[in-house]
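Inspection log for the structure reproduced underneath, given as structure tokens.
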Amino acid sequence: MALSNILLERKESPYYRPPNLHMSVLKMKEEERVVAWVFDEGGASPATIKTNRVAAVSDGQTVTTLTLFEDFWNKVQEGGSYIIRGYGLIGETPPYHIKFMRQTKIFRASRIAVSPDLMLEAEEALNPPSQEVDLRETLNSRGLLTVCGEVVECLAVIKVLSGRQHVPVRNIRIKQDEFTMRVALWREVAVAAVALGDIVTISHMKVESSMGGRHLTSTKHTKLTKSSTSDSAVTIVGVTEESCQDVVELLLQDGRILEVSKELWSPFQDQLDEGNLIVNMIVEGRNVKEIKLSN
């Protein structure tokens, strides 16, 4: 039976067994996934991390992906063709996903011819492209999206039941050109270091609708990065003096308040007593990463 038909048909019977599948392993990649989390008042952290291999496979006509657990790593190779017996199909709606189980058997078999188009499709299945769009354009966009913006709201990490396990979720709101949108960050990306004022780029997002309206939701491919900006000839007019913290706040002449570590600030502490300081800085969100006197 063709792979496309297998992925679309699953009989709801305890006696149903999918037919043998003749397939070729086109490409593989390793993925680290957190399979258990520890939650506390400060958020969440990984408790157990596992490394799996994800394979893009084809019967010569259709491409799909499947997860290879460690027990199967030495049984298939990239470029090899195999007959698979005793696998399962998972998912609530078609197309379903192939799952290797304890009783799954793998037999080396005759080579399957694979076209260059299928190889390209396999690469995109493992590393899907993400279209960069303006935040406002996400209202009318489909597929995986990359957006940029300033974090204007950053809620605490919460614990949500997903399937059989609890996972971390964080809701933030980003702004670009006065347009804002809620972003739901799940699992690993939910615990990324992010704060108000950060300029972030978030990839591989999908648009979803809920009672609160349309919003962006992360996927397993989502990456969050923070952008740094260079500020030249910035005037510092004041600094906080809290002695119990590792950072101090700088008051700039333009009204902004930035944070800098005491270690970075210490060479300038006495100089501020003599008058305002004009400096060059590299800033990430509200955090000063580099600072030096302007020439």
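The values are calculated or read from the model by the stated rules, or taken from the named source; none is laboratory data. Treat the numbers as computed from the prediction; the structure is a model and nothing was measured. Backbone-built Cβ (ideal geometry, glycine too); neighbour counts: all protein chains shown.
For the stretch 132-142, name all the residues that are exposed (fewer than 13 other Cβ atoms within 10 Å of the Cβ) and in contact with a strand residue (DSSP E or B) (Cβ under 7 Å, 6 or more places away or on another chain). Residues satisfying the conditions are Glu132, Leu139. Residues of the stretch 80-135 that are among the charged types (D, E, K, R) and under 30 Å from Met181 (Cα atoms): Glu92, Glu124, Glu132, Asp134. Looking across the stretch 6-31, the residues that are at pLDDT 90 or above, more than 15 Å from Gly91 (Cβ to Cβ) and not hydrophobic (A, V, I, L, M, F, W, C) come down to Pro19, Asn20, His22, Ser24, Lys27, Lys29, Glu30, Glu31.
So that you can scan it fast, the table gives a plain yes or no per residue for (1) in contact (Cβ under 8 Å) with a residue 40 or more places away in the chain; (2) assigned to a strand (DSSP E or B):
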{"site": "Leu251", "(1), (2)": "no, yes"}
{"site": "Asp254", "(1), (2)": "no, no"}
{"site": "Glu259", "(1), (2)": "no, yes"}
{"site": "Ser266", "(1), (2)": "no, no"}
{"site": "Val279", "(1), (2)": "yes, yes"}
{"site": "Val283", "(1), (2)": "yes, yes"}
{"site": "Glu290", "(1), (2)": "no, yes"}
{"site": "Asn295", "(1), (2)": "no, no"}
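Filtered by the rule that a residue be more than 14 Å from the chain's Cα centre (by Cα), crowded, with 20+ Cβ neighbours inside 10 Å and not in a loop (DSSP other than H, G, I, E, B), the stretch 173-209 gives Ile174, Met181.
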